[in-house]
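The values are calculated or read from the model by the stated rules, or taken from the named source; none is laboratory data. Treat the numbers as computed from the prediction; the structure is a model and nothing was measured. Here Cβ is always computed from backbone atoms with ideal geometry, including for glycine, and neighbour counts include all displayed protein chains. In case anyone asks, the SASA skips ligands and DNA or RNA and just uses the protein heavy atoms, side chains included. Shrake-Rupley method; radii C 1.70, N 1.55, O 1.52, S 1.80 Å.
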Amino acid sequence: MNMQANKEIERRNAQSQIEKRVETVDFRSSAGQGLEKRNVQVIHQPHSSSENFATSGGVLAGAAAAVANTLQSAKEAISRK
């Protein structure tokens, strides 16, 4: 996906948080299809510092543990055959 920013607007949303809206163009291509060009809008919503605990590594550590468990289960299932 190739994205090229065109216009950026910063404003407050309904929750009084500052958000950044970026109007851009998205170019996509699929197998057997031509190049598709679409106008899109991306909204960036920064999190307050009190919400950062969820993204400070705890979520990633949990996800990594889940992946490790899944891989271990797959290895055990394969080795039983």
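Can you give the extra length, in nm with one decimal, that the chain gains between residue 31 and residue 18 once fully stretched, where that is 0.36 nm per residue apart less the Cα-Cα distance?
Computed gain between residue 31 and residue 18 is 0.8 nm.
When all protein chains stay in place, what accessible area (Å², nearest 10, 1.4 Å probe) is found for residue 76?
80
Using the basic label-point model (7 angstrom from Cα toward the beta carbon), what is the residue 61 to residue 38 distance in nanometres?
Each label point is offset 7 Å from its Cα along the Cβ direction, giving 3.8 nm.
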